[in-house]
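> This is the structure, below, for whatever I ask next.
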């Protein structure tokens, strides 16, 4: 599953000096896959630290934020030698470890020749942020062009890129556009649509994608309770659930803002919910 953002990452790799990458984006948009599998394929060594899966990795930063000390700790912890000139080091779910976030400043200043990438889905909730010391990128769900790549139809991709206006090209592209409107761009849903095992019927494929959508929504709603208190978590959920309802009421550009009125009882202004 190719991503457009890979080109920017490769451009960053080819520089002589570079700041660490901080890849932001919603959960399940494919940040880890992009960094480790797609981008990592261009390195002879990839070292990935997942601070959500392995919280104890925060100990690597406990005594010092000097890059040399951190790298030595990583080598001891993982029992491997890191090639400082050729290795890609990934701090995954970096928002779970504030010290790892803080260390990016020192990697930028002391190790600008190294390949350091960090990713997370809660960057906006960080206690502090290394302003000016990282290159911030954001990964969104798949665009329609990326959806075409996932469909593995190179001739249609070429027609799309060349703005082929023939009737045949239009009909085939429009058919896939309808699929894209239903499937969306979340990688797991796209994979279920195009890569279901066997030869499933359209009803089976639709059911699998709907199950993925349901799981993604449930996962987001569980996350709402992670940071705020119970009351505000319920309010976030109410706003979240109301988004598709408001979108469905307007098919043009006449309304550009979310309306809080009637979403939560006795709350009608953004300032009350900020």
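> Using a Gaussian network for the chain with springs between C-alpha atoms less than 10 Å apart, which of these wobbles most: 171, 36, 138?
Comparing 171, 36, 138 in a Gaussian network model of the chain, the most mobile one is 171.
> Using the Kirkwood radius over Cα pairs, work out the Stokes-Einstein diffusion coefficient for segment 135-178 at 4 °C and 1.567 mPa s, in µm²/s as a whole number.
Here the translational diffusion coefficient equals 114 µm²/s.
> Please work out how much length the chain gains when fully extended from residue 155 to residue 199, using 0.36 nm per residue of separation minus the C-alpha to C-alpha distance, in nm with one decimal.
Contour length minus the Cα-Cα distance gives 13.6 nm.
> Relative contact order for the chain using alpha-carbon pairs under 8 Å, separation at least 6, rounded to a whole percent?
Once divided by the residue count of the chain, the mean separation gives 19 percent.
> In square nanometres, what is one fourth of the surface area of the convex hull spanned by the alpha carbons of segment 228-274?
For segment 228-274, the mean projected area of the Cα convex hull comes to 3.5 nm².
> For segment 195-261, what is the convex hull volume of the alpha-carbon atoms per residue, in Å³?
Spelled out: Cα convex hull of segment 195-261, divided by residues, is 137 Å³.
> May I ask you to give the average projected area over all directions of the convex hull of the Cα atoms of segment 144-226, in nm² rounded to one decimal?
6.4 nm²
> Please work out, to two decimal places, the log10 of the ratio I(q)/I(0) at q = 0.18 Å⁻¹ from a Debye calculation in which every Cα of segment 13-112 carries one identical scatterer.
-0.90
> Would you calculate a helix-derived [θ] at 222 nm for the chain, using -39,500 (n - 2.57) for each DSSP H run of n ≥ 4 and dividing by the full residue count, to the nearest 500?
-13500 deg cm²/dmol
> Here's a follow-up. Tell me the Kirkwood radius of segment 88-155: reciprocal of the mean inverse pair distance over distinct alpha-carbon atoms, in Å.
After inverting the mean inverse Cα-Cα distance, the result is 14.0 Å.
> Using Cα-only point scatterers and the Debye equation, what is log10 of I(q)/I(0) for segment 45-179 at each q in 0.09, 0.11, 0.19, 0.20 Å⁻¹, rounded to two decimals?
Cα-only, vacuum Debye calculation for segment 45-179: -0.43, -0.56, -0.99, -1.07.
> Hey, another quick one. Apply the Debye scattering formula to the chain, with a single equal point scatterer on each alpha-carbon and no solvent, then give log10 I(q)/I(0) at q = 0.16, 0.17 Å⁻¹.
Values returned for q = 0.16, 0.17 Å⁻¹ are -1.29, -1.34.
> If I model a spin label at residue 133 and residue 231 as a point 7 Å from the Cα along the Cα→Cβ vector, what separation in nanometres do I get?
Output for this residue pair reads 3.8 nm.
FYI, it's all coordinate maths here, none of it is from the lab. Because the structure is a prediction, the values reported are computed rather than measured. Don't worry about glycine lacking a Cβ; one is built from the backbone with ideal geometry, like all the others, and counts go over all protein chains shown.
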